[in-house]
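Here's the structure we're looking at; comments come further down.
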Amino acid sequence: MEVDELYQDIILDHYKNPRHAAKISDSSAMIDEENPTCGDHIKLNARLEGGRIAGIEVDCTGCAICTASASIMSEMMMGKSAADAVAFGRRFTGFLRGEGAMSDEELGDLVALRGVSQYPLRVKCATMGWHALEAAIRKLS
Ligand code: ZN
């Protein structure tokens, strides 16, 4: 894969300095997801306050795409309502699978992952953090 096509600066920044990266301190809503085809492993916990995301912890050992997507996700979804976070995650994961359109403005740093949609085997890498967040929100709701 041509990393240049994937806005490597944004991806590498999030890969090297993943936001909200932590060992899971409270496993009450912990989700554990693995992607055996790539070797990615994400543990994620979220905390809601008044229906909004007040905390996200991501313990990810994975490839750059997996780590960067989960990092951008944690940064963008903090403070959002649980419903908005689930809706956005579904739109973004659908977008990577070729369903629907999203503007650069909506994508924010996720624009760096737009090219992943060309590589079906990597789509799972970029979506698993989002699936984990939705699953954690369901546990909490
Ligand atoms: Zn991966």
Q. In contact with a Gly (Cβ under 7 Å, 6 or more places away or on another chain) and either away from the ligand (no atom under 16 Å from the Cβ) or modelled with pLDDT of 95 or more (or both) - does that describe any residue in the range 5-28?
A. yes
Q: For the range 39-52, indicate whether the set of residues that are of a type in the set (A, V, I, L, M, F, W, C), at pLDDT 95 or above and surrounded by fewer than 16 Cβ atoms within 10 Å (Cβ to Cβ) is non-empty.
A: no
Q | Matching helices (runs of 4 or more DSSP H) fully within the range 35-133 where at least 3 residues are within 16 Å of the ligand (Cβ to nearest atom) and among the β-branched types (Val, Ile, Thr) | A | 64-77
Q: For residues that are acidic (Asp, Glu) and more than 18 Å from HIS20 (Cβ to Cβ), scanning just the range 68-121, find the one that is surrounded by the fewest Cβ atoms within 10 Å (Cβ to Cβ).
A: GLU105
Q | Any hit, the range 30-38, residues being of a type in the set (S, T, N, Q), touching a His at 6+ places or on another chain (Cβ under 9 Å) and surrounded by 15 or more Cβ atoms within 10 Å (Cβ to Cβ) | A | yes
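The values are calculated or read from the model by the stated rules, or taken from the named source; none is laboratory data. Because the structure is a prediction, the values reported are computed rather than measured. Cβ sites come from the backbone with ideal geometry, for glycine too, and all protein chains shown count toward neighbours.
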